[in-house]
Structures are given as structure tokens and as C-alpha cells.
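As C-alpha cells, the structure follows; a few thoughts come after it.
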Amino acid sequence: MIISAGTTHRNDDYEYTRLKHTIGHRFSAGYLHRGESYRTVHGQTIVRRAPSFCLTKPGAVFHTRAKAIRSHYLSFWVVFSPRPEWQQLLQWPDSLPGSTIIDLPKGPIVQAVHHAFSHLVDVHKGVHPNKKALMDNLLEHILLQVHGLHSLHGAHKGRLLDERLGQAVDFMNAHLKDKIKLADIAAAIHLSPSRFAHLFSETFGVSPMRYLELQRIEAAKALLLRTNDPIYMISEKVGFDNAFHFSTRFHRCVGQSPRAFGRGTLEHGI
């Protein structure tokens, strides 16, 4: 459940201290889009520069000194109590006691995280018939994106990622529009379907086909924002069987229909 969400947008430097008694059993996640900050815990300090993601665990205390770069500092944040199925997505090694900070490479992942945070904050401020479900889905997408990135570029619970899983992700992203199945992905990296599914789910916290569907939904979002293509054409371009199936899955993942998403994001400038 999402407790609160917002942005911190400043043209000057500032400092903030989070005390243990103000947090309770809540997590917080943040995306730094502009500027840099210095987070200190028990005398240890880490410099966080944009673009980066930070996950703070319940009960963690810290002091932050934020610095505006070229008179500009912009961060997005969300405070939440996690759904039970998110637990595996929240088990990352600490960069500092109670905090994990991950640098984000510029490119599609940063764009996806930025868009999802922007959309989440906008929904939190507004009125939406499926507000809670939509915000949960957006946060889940953020956690999946960053969790996958962290797994691909380093250690997951202290273990190096099997490079074949990185190849599987590349294969899926290259074949979003194709009608590929679990067996096709497994064959591409020379693993049995059952072994591949187990390794992928254990590492990324989500099944391969769920990951593939989320990537297709993100590709569809981009097309809805950038083109005037009809829904049936977009569904074909991102690998869904038909427009009805696409619209059903899109609504379940995003909380609104493809048509409403494209119209609404343009109206609100998300």
C-alpha cells in the first residue's frame, strides 16, 4: 500500500534528517533525476548522483545533504508498505545501513523509471477510479526494472548472475513483437525451460513471461505517447495476439485502458 508520494524540486541546497520514530514499518524509494546528494549513516557517507535509485528500509535513519547542480535539484519519492509478493524485490545488499543506492545507466531503463515515478506522483495527487491498483502497479514496475538492473550489473544476494540470464533478457527485448514462448527463450540460451524459469524467477523475482509482458506493456506505452497508431496496430507491434487481449492485459497492469492512457498522459503532460 502506498502511503505517500511526491517530488522534491529545489533551486538551492538543503539538508534533511530522517528519524527512526517517524518511519514505522514503511519502506521508501526515490529516483534522483537532477542534482546530487550526500547520505550519511553512522558517520559513513555515500555520494548519490543523478540518475540514481535509492531504497530505504523500515526503521533506517540517515542525514541527507542535497546539492542543486546548475541551480536545479529534482527527485521523486514514494513511501509504502510492500505487498507480500514484493518481498523478494526488496532484498538487496545495503550500500549503507538500511539503504541501497543504485546508479542508473542512461537509456531506456532511466526513461522507464522516470516515467513510472512521474505517473505515480500524478495519480497520487489526482482522482482515479482505480487509484490504489494503478499506483501499486507503477511501483511494482519500478521495483522490477531496478531489481533486474541490479541483478544484471552486479551480485544478487552476494552471487554473480548467470550470464545466460542476461542473454535471455536481451533475447526477450529483441523479440517483443514476436510470438515467443518460454521454450523459445530457454532454447536461445541452451537451458531447459524448467531450469531457465527457476533461475530467472529466483534472480529477478518474477517469471520470464511476466517480465516479457511488462516489457511489452512499456513498449506499448511509448507507442501510445509518440504515435497516433490504432490500438490493434500497437498490439501487433508489441507482440499481443489481438487488440482485445492487449487491452485487457494493459488495463490490468496499468489500471486504465490503452486509449485512456494515451489521452490522459498527453493531457497531463506526463
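Considered as a group, the residues in segment 206-225 that are buried (at least 19 other Cβ atoms within 10 Å of the Cβ) and farther than 23 Å from Gly262 by Cβ include one that is modelled with the lowest pLDDT, and that residue is Val206. Of all positions in segment 32-44, none carries a residue that is of a type in the set (S, T, N, Q), in contact with a Ser or Thr (Cβ under 8 Å, 6 or more places away or on another chain) and closer than 26 Å to Ile217 by Cβ. Any chance segment 64-86 includes a residue that's under 16 Å from the mean Cα position of the chain (by Cα), surrounded by fewer than 13 Cβ atoms within 10 Å (Cβ to Cβ) and either of a type in the set (Asp, Glu) or outside the structural domain of His119 (by TED's automatic domain parsing) (or both)? Yes, that holds for at least one residue.
With respect to the stated conditions, Leu214 is out of contact with any Lys or Arg (no Cβ under 7 Å at 6 or more places or on another chain) and within 27 Å of Lys131 (Cα to Cα). Here is the figure for segment 30-80: residues that are of a type in the set (Ser, Thr, Tyr) and under 17 Å from Pro93 (Cβ atoms) total 2.
Answer with yes or no whether His114 is in a strand (DSSP E or B) and either of a type in the set (S, T, N, Q) or within 24 Å of Asp12 (Cβ to Cβ) (or both). The answer is no for His114. Filtered by the rule that a residue be surrounded by 13 or more Cβ atoms within 10 Å (Cβ to Cβ) and among the charged types (D, E, K, R), segment 170-180 gives Asp170, Lys177. Scoring Val254 on the criteria (1) over 22 Å from His124 (Cα atoms); (2) at pLDDT below 80; (3) surrounded by 21 or more Cβ atoms within 10 Å (Cβ to Cβ) leaves a single failure, condition (1). Quick check on segment 99-108. Is at least one of its residues within 26 Å of Lys132 (Cβ to Cβ) and touching a residue at least 40 places away in the same chain (Cβ under 8 Å)? Yes: one or more hits. Taking each residue of segment 53-80 that is under 15 Å from Gly30 (Cα atoms) and among the charged types (D, E, K, R) and looking for partners that are buried (at least 17 other Cβ atoms within 10 Å of the Cβ) and modelled with pLDDT under 90 with beta-carbon atoms closer than 6 Å, six or more apart or interchain, yields Lys57/Gly98. Of the residues in segment 208-231, at least one is without any contact (Cβ under 8 Å) to a residue 12 or more places away in the chain, assigned to a loop (DSSP other than H, G, I, E, B) and among the charged types (D, E, K, R).
With (1) outside any helix (DSSP H, G or I); (2) among the β-branched types (Val, Ile, Thr); (3) at pLDDT below 85 as the list, and Thr203 as the residue in question, which single condition is left unmet? Among (1) outside any helix (DSSP H, G or I); (2) among the β-branched types (Val, Ile, Thr); (3) at pLDDT below 85, the lone unmet condition for Thr203 is (1). Assessment of segment 106-123 against the conditions (within 19 Å of Thr56 (Cβ to Cβ), in contact with a Gly (Cβ under 7 Å, 6 or more places away or on another chain), buried (at least 19 other Cβ atoms within 10 Å of the Cβ) and not assigned by TED's automatic domain parsing to the domain that holds Thr203) yields at least one matching residue. Report the residue count in segment 188-200 for those that are surrounded by 15 or more Cβ atoms within 10 Å (Cβ to Cβ) and at pLDDT 90 or above. Selection size over segment 188-200: 6.
The values are calculated or read from the model by the stated rules, or taken from the named source; none is laboratory data. Because the structure is a prediction, the values reported are computed rather than measured. Note that we place each Cβ from the backbone using ideal geometry, even for glycine, and neighbour counts take in every protein chain shown.
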